[in-house]
Amino acid sequence: MIVTLQTQGLQTLEQLRAFLEGSQPIDFDVPQREAANDFIAQTLRRFGYARLGKTNKGLVRRYLCKVTGRSRAQMTRLIARFRATGRIDDRRRGPAKAFPRRYTREDVLLLAELDALHGTLSGPATRKLCERAYVLFGDDRYARLAGISNGHLYNLRHGTAYQHRRGPMDKTRPVKVNIGERRKPAPNGQPGFLRVDSVHQGDLDGIKGLYHINLVDEVTQFQFVGSVERISERFLLPVLEALISAFPFLILGFHTDNGSEYINRQVAALLNKLQVTEFTKSRARHTNDNALVESKNGSVVRKHLGYSHIPGRCAAPVNHFAQNVLSPYLNFHRPCFFPTEAVDARGRLRKHYRYEDMMTPYDKLKSLPDAHQYLKPGTTFQQLDALASAMSDNEAARQLNQTRAELFRSINKTQNPAA
């Protein structure tokens, strides 16, 4: 540890020798590096180091090493610097010819702004947003960030400038009901096979919060979210019907876990009314059967609506936000990974998630062969293109954040203050 010495009483070489032998009492305090260097220079001047003999020079050097904590090699370099220039300067500084920076401070702040808008997505998703902002929406500020790599993106996120700018689910009860076929859906690359799950928005003093209904298409990852006051059929069925009807393509399959809120005759009658031909449920000991929607529960619902308790009486405004603001953002502006399947040497099916295959759910729908054949009657890609291009990704994220902030302010005002 570097220390400086209260040396009023050490004025001669004999006193130094006595101090080094341990017979001289002394006090220490902790200085800065510059103060330690100044102390070394003053000591060398006081004892006239350049005029001393070899023995006394060694005495002064050992004394300075002891009181400053520097090694003998370090002290030798500092003394040589003092004898050459008459002072000891801190030579720590940047290289004379530093490598040029490809990404400027403005790029780092722009990345922080993008992450704040979209909630700090994964590296590839953020890259895709930068690429879309520059190529698709013509924002020249993203010219450099559009070509950034994953590794360098995370390096920028760890930087000081970026850091300065950024600042429980209920388990469903299994019941034995002969409704729904117990198997994994097989969409075979065709959209319209939904994965469904519920997310509970916390308890408070024994009072249940509202529930979110999350529907995700397996092939395109088109997603619609709704909210209900209670999970009973009276609240669930109208919202479930509205969510299924909101998909731009025909719905052919409905897959859920074994929760009784969906495995019942009322939901089966609703699906029959909407001409959904397949009604399937997860198999025992096959946790991946409904993994897609489970992952969306965390990466979307919890990310944007959190874990805190929201009273059931606030279901109507939350449902309006989820269906009219959150869901369009997810489908037209939020990039998703889509796997490429390949069979390895052992005959196992492997999924590879390539950056080139990352796109929004709407772009994925358009990329399917003969995609127009899957659309509902009266729905065209011209209508959907108008919705997708009505605002940029960043504008949609900004609208999402502003509307969500207003929503939570209104919810907080309805809460009773704590006693």
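Observations on the model:
- What the Cα convex hull of region 175-239 gives, in volume per residue, is 116 Å³.
- Projected-area average for region 271-377 over all orientations - Cα convex hull basis, square nanometres: 11.0 nm²
- Cα-based convex hull, region 85-157, per residue volume (Å³, whole number): 120 Å³
- Summarising the amide proton neighbourhood of Val219: residues at separation of 5 or more, or on other chains, whose placed amide H is nearer than 5 Å comprise Gly192, Phe193.
- Ignoring lysines fewer than eight residues from Lys303 along the same chain, the ones with Cα atoms less than 29 angstrom from its Cα are Lys128, Lys171, Lys184, Lys208, Lys281, Lys351, Lys364, Lys366, Lys413.
- Evaluated at q = 0.11, 0.19, 0.22 Å⁻¹: base-10 log I(q)/I(0), Debye formula over Cα of region 107-230: -0.67, -1.03, -1.15
- Taking all Cα pairs closer than 8 Å and separated by 6 or more residues, the relative contact order of region 82-155 comes to 26 percent.
- Radius of gyration and Dmax over the Cα atoms of region 35-85, both given in Å: 9.8, 27
- Binning the C-alpha pair distances of region 145-298 at 10 Å intervals from 0 yields a P(r) profile of 10, 35, 27, 14, 11, 2 %, listed from the shortest bin outward.
- Percentage of interatomic Cα-Cα distances in region 315-419 larger than 22 Å: 53 percent
- Zone residues, region 326-344, relative to Ser367, backbone N less than 11 Å from point 7 Å out along Cα-to-Cβ: 336-340
- Taking packing as the residue-averaged number of other Cβ atoms within 10 angstrom, the listed peptides 365-371, 120-126 run from highest to lowest as 120-126, 365-371.
- Translational diffusion of region 371-419, µm² s⁻¹ [Kirkwood Rh, Cα pairs; Stokes-Einstein; 37 °C; 0.692 mPa s]: 232 µm²/s
- Applying the criteria of a DSSP loop state and at most 14 other Cβ atoms within 10 Å to the chymotrypsin sites (Phe, Trp or Tyr not before Pro) of region 287-355 yields Tyr307, Tyr353.
- For the chain, fraction of C-alpha pairs farther apart than 40 Å, in %: 43 percent
- Fraction of beta bridges assigned by DSSP in the chain that are antiparallel (%, nearest 5): 75 percent
- Here is the P(r) of region 14-157: all C-alpha pair distances, binned every 5 Å from 0, give 2, 8, 14, 14, 9, 5, 4, 5, 6, 7, 9, 7, 6, 3, 1, 0 in whole percents.
- Under the Debye formula (equal points on every Cα, no solvent term), log10 I(q)/I(0) of region 208-310 at q = 0.18, 0.20, 0.24 Å⁻¹: -0.95, -1.20, -1.66
- Per residue value of the accessible surface for the chain (all protein chains in place, 1.4 Å probe), Å²: 55 Å²
- For region 215-282, trypsin sites (Lys or Arg not before Pro) meeting the loop criterion (DSSP other than H, G, I, E, B) and having at most 15 other Cβ atoms within 10 Å: Arg230.
- If you take the Cα centroid of region 191-264 and the Cα centroid of region 41-78, the two points sit 78 Å apart.
- Computed [θ] at 222 nm, helices only, for the chain once each DSSP H run of length n ≥ 4 contributes -39500 (n - 2.57): -12000 deg cm²/dmol
- Carbon/sulfur fraction of accessible area - the chain, other protein chains in place, 1.4 Å, %: 50 percent
The values are calculated or read from the model by the stated rules, or taken from the named source; none is laboratory data. Quantities reported herein were computed from a predicted structural model and do not represent experimental measurements. Neighbour counts run over all protein chains shown; Cβ positions are idealised from the backbone, glycine included. With ligands, DNA and RNA removed, areas are computed over all heavy atoms of the protein, side chains included. Shrake-Rupley method; radii C 1.70, N 1.55, O 1.52, S 1.80 Å.
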